[in-house]
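The values are calculated or read from the model by the stated rules, or taken from the named source; none is laboratory data. From a predicted model like this one, the values you see are computed outputs, not experimental measurements. Positions of Cβ are backbone-derived with ideal geometry, glycine not excepted, and every protein chain shown enters the neighbour counts. With ligands, DNA and RNA removed, areas are computed over all heavy atoms of the protein, side chains included. Shrake-Rupley method; radii C 1.70, N 1.55, O 1.52, S 1.80 Å.
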Amino acid sequence: MLNTVLHDGPGAVPLLIAHGLFGSARNWGVVAKKLSETRPVITVDMRNHADSPWFDSHSYPDMAADLAQVMDRPMDVLGHSMGGKAAMVLAVQRPDLVRKLIVGDIAPVAYTHDQHGPIAAMRRVRLSAVTSRAEAKAQLGDLEPGVADFLLQSLDMKDKCWRLNLDVLQAEMDRIIGFPQLDGQFDGPAFFLSGAKSDYVTAAYRAPIKALFPNAVFAKIPDAGHWLHAEKPREFIGSVAAFLG
């Protein structure tokens with residue numbers, strides 16, 4: 001079962017949060033703590049990430065099944081990027097477990113980009129020799145702004161290792177950037193929240209979203225990119241709280 005972090009809150013419907021690729025439950029600490037003022041919030045480490053078990057598969061049906069195992073009752077579910085795709089599969093396959101769905105800056109489609117670059121960068125780091133995160137950051141090389149610092153959150157300096165199953169994440173990259181064929185749809189409330197500066201959810205993707213989530217509503221956070229929850233936490237938290245009621 002996935003490693004979970006509980007942010008206890010008043011007795012309302014719990015919110016389950018699934019992070020994106022290379023992330024972890026602790027990346028969502030600020031958001032979870034604030035949202036827990038009005039409800040219990042559970043953040044998870046997805047499979048092959050942080051303190052959760054490592055598996056040979058990283059498919060979305062498997063990740064959705066992992067999330068279902070964590071849920072002992074219907075919950076609201078929030079997923080960002082890879083976690084958003086897992087949350088969408090969960091909602092379609094197990095609508096009995098999902099009350100409201102929130103998807104952060106991702107659509108139920110296959111993308112053409114991949115994340116082999118960050119994996120290659122992490123492999124470049126001479127883990128046995130680094131004595132500080134600054135050294136590790138220098139060895140990561142040129143990455144998009146903010147990516148190096150994000151990746152370093154998964155570096156275990158004590159054990160000199162990445163808290164990520166890089167072999168499986170690399171082998172399963174086509175599945176991660178893809179999206180499985182699903183039968184059925186989720187008829188509950190669904191909120192697709194995107195960054196206005198991101199191109200992950202375009203107007204062209206609204207049709208496939210509506211096909212699976214006919215009651216989907218859409219919003220964008222101004223001046224935010226793909227990592228909208230980290231770039232604009234106050235606006236992100238306010239939007240999520242308003243949708244959850």
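Measuring from centroid to centroid over Cα atoms, what is the spacing of the range 58-76 and the range 142-218 in Å?
With the range 58-76 and the range 142-218 each reduced to a Cα centre, they are spaced 16 Å.
For a quick check: with amide H placed at 1.01 Å from N, whose amide H comes under 5 Å from Arg94's, ignoring anything fewer than 5 positions away on the same chain?
Residues meeting the amide H criterion: none.
Of the accessible area of the range 147-201, with the probe set at 1.4 angstrom, what percent is carbon plus sulfur?
Answer for the range 147-201 is 43 percent, counting heavy atoms of protein chains only.
Between their Cα atoms, which of Lys137/Lys158; Lys34/Lys232; Lys100/Lys232; Lys197/Lys232; Lys137/Lys160 are more than 18 Å away from each other?
Lys100/Lys232
Nearest-5 percent of antiparallel DSSP beta bridges in the chain?
25 percent
Counting only residues 5 or more places away or on other chains, whose amide H sits under 5 Å from the amide H of Lys100 once H atoms are built in the peptide plane?
For Lys100, the qualifying residues are Asp76, Val77.
Rounded to the nearest 20 Debye, what is the dipole magnitude of the range 190-244 about its Cα centre when Lys and Arg each give +1 and Asp and Glu each give -1 at the C-beta?
Dipole about the Cα centre, nearest 20: 120 debye.
In nm, what is the difference between 0.36 nm times the number of residues separating Leu127 and Gln139 and their Cα-Cα distance?
3.3 nm
Kindly write out, for the range 219-232 in residue order, the coupling ³J(HN,Hα) from the Karplus curve 6.51 cos²θ - 1.76 cosθ + 1.60 (θ = phi - 60°), rounded to whole Hz, with x marking Gly and Pro.
8, 10, 9, x, 6, 10, x, 5, 8, 4, 6, 8, 6, 9
Determine ³J(HN,Hα), in whole Hz, for all residues of the range 184-197 in sequence, where each value follows from phi through the Karplus function 6.51 cos²θ - 1.76 cosθ + 1.60 and θ = phi - 60°; x replaces Gly and Pro.
For the range 184-197, the Karplus curve yields x, 7, 10, 8, x, x, 9, 10, 9, 10, 10, x, 4, 8 Hz.
Can you give me the distance in nm between label points at Asp56 and Gln69, each placed 7 Å from the Cα along the Cα-to-Cβ direction?
In this crude label model, Asp56 to Gln69 measures out at 1.7 nm.
Would you kindly derive the ³J(HN,Hα) couplings of the range 200-214 from the backbone phi angles with the Karplus curve 6.51 cos²θ - 1.76 cosθ + 1.60 (θ = phi - 60°), listing them in order in whole Hz, with x for Gly and Pro?
6, 10, 9, 4, 5, 8, 5, 5, x, 5, 5, 5, 9, 10, x
Counting only heavy atoms of the protein chains, get the accessible area per residue of the range 89-140 (1.4 Å probe) and round it to a whole Å² value.
Computed with neighbouring chains in place, this is 45 Å² per residue.
Report the full-extension gain for the segment Asp156 to Thr38: residue separation times 0.36 nm, less the Cα-Cα distance, to one decimal in nm.
Working it through step by step, the gained length comes to 39.2 nm.
If R0 is 25 Å, what FRET efficiency do you get for Val13 and Arg234 from their C-beta distance, rounded to 0.05?
It comes out at approximately 0.65.
In the chain, which longest range has no trypsin sites (Lys or Arg not before Pro) that are both DSSP loop (not H, G, I, E or B) and surrounded by at most 15 other Cβ atoms within 10 Å?
By the stated rule (loop sites, at most 15 other Cβ atoms within 10 Å), 1-125.
How much accessible area per residue does the range 171-230 have, counting only protein heavy atoms and a probe of 1.4 Å, in square angstrom?
That works out to 50 Å² per residue.
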